[in-house]
């Protein structure tokens, strides 16, 4: 029998560790536990073609701590020549996570992610993931062609094949480690106690274990939950991740006595091409993001700017832009650039054809924006630009404060060189920030902060790592780091061979 076709009866089974969810967090947990010699079963409602949770929809950029190029090269296995890179120690990583979360996140989990990031990148390499140098960095300045673009501090790596490449490599590694994979199998019920258990869909069989690891994602795919927690209109927005992240397992754990944590009204929401596939494309990852907004201005359908496009490095603002757009009329906006920005746009912009015109009036007509209003907006912005040395590679301090408009804190240069181009953008939901409360051993905590016996969690089902915002490249790494922790903790608990217990059962809703 293959690992996907267990020979035991489906009526009632016992394994050491059950993992629910097959994204990077669940796969990392399952492999880690199996490599200790424990028997491990991983269940996922997806099939072979779409298993992987939100990881499969990621572009694969990874934020990791490192001291210099040699650390990056070690993970790349010598695949790339040396490139400009600044050290990014764990302390800075941790500080960036705290700053992005406005110091409201879980400091223990943030430190865990920062300190475990480099080890995870190496572990993933050893388990079949191939890395390359990230192409998503500050662009090359056409006015200074001899100056190389630096790698983003902390985010120099991208998985070959994106998130799908990570999932495929880890599925192979899981099989080699002896993990039993049961796909197209949902979870109907969760039982807590000294020997927790899950009840499966569609056959109603029960799996009892010493440890259960919950890695089934957040509630981002469920429209009703988005409306309930995020607010009006969020149920209608396009979603780029797994359609199976309904929050059913998350709510079952809460019903079973788990405490909640994190930012339940918070969401990772980016600017995206409105013509992207409805649920993203698991084969190519996030190629529809529009993240070069610092090099131009963004206006709504009334021709008005509505946020500071240069507030920070785009890697620290891109996850918040969707919220600004969502608040605008029709939830639609346009990123405007002049010809000098052409060489600065990310490669992802090549996946669509922009509106283009020789002057702002004609561009406004194409966009159905009041021409007089858009011209006033551009003129006022241009007049407020200070002049000085533009630096596309770093915060350059070129700030503008146009009358009646939001400020632009960096990269404020006039839009004055035709042709002018406009890219329509809408907000897209990536994942949510609210979830379960866990400790540094990935144990699920109850309302009094006491661990629930045998229950662990990792990935997007966990809350607290991010509040309001998350630096680029953190999501996949945080999920993997916590997955390894959860797998090790679950295996350690299983080694104590607890007795089977019949505790209360909680239905998944």
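Laboratory data are not the source of any read-out in this text; all were calculated from the coordinates shown. Bear in mind that the values here come from a model prediction, so they are computed numbers and not experimental data. Because the Cβ atoms are built from the backbone with ideal geometry, glycine has one as well, and the counts that use them run over all protein chains shown.
Descriptive notes on the structure:
- Helix axis angle, 162-177 relative to the chain longest principal axis, alpha carbon, degrees: 20 degrees
- Spin-label pair residue 12/residue 108, simplified geometry with 7 Å Cα→Cβ offset, distance in nm: 3.6 nm
- Kirkwood's formula applied to the C-alpha pairs of the range 230-270 gives a hydrodynamic radius of 12.2 angstrom.
- Radius of gyration and maximum dimension Dmax of the range 347-430, Cα, Å: 14.3, 37
- Here the calculated FRET efficiency for residue 203 and residue 228, from their Cβ-Cβ distance with R0 = 35 Å, stands at 0.70, rounded to the nearest 0.05.
- Length available on full extension from residue 67 to residue 49: 0.36 nm per residue minus the Cα-Cα distance, which gives 2.7 nm.
- In a fully extended conformation the segment linking residue 403 and residue 352 would gain 15.1 nm over its present Cα-Cα distance, using 0.36 nm per residue.
- Three semi-axes of the equivalent ellipsoid, the range 249-358, Cα gyration tensor, whole Å, largest first: 31, 17, 14
- Estimated FRET transfer efficiency (residue 339, residue 95; beta-carbon r; R0 22 Å; 0.05): 0.05
- The alpha carbons of the range 276-427 occupy a box of 44, 34, 28 Å along the principal axes, longest dimension given first.
- Note on residue 265 and residue 440: the model spin-label points, each 7 Å out from Cα along the C-beta direction, lie 3.2 nm apart.
- Remark: the residue 492-residue 395 segment gains 30.3 nm on full extension, using 0.36 nm per residue and subtracting the alpha carbon distance.
- Percent RCO, i.e. relative contact order, over the chain, from Cα pairs under 8 Å lying at least 6 residues apart: 25 percent
- Extent along the principal axes, Cα only, for the range 144-251: 64, 46, 25 Å, with the longest axis given first.
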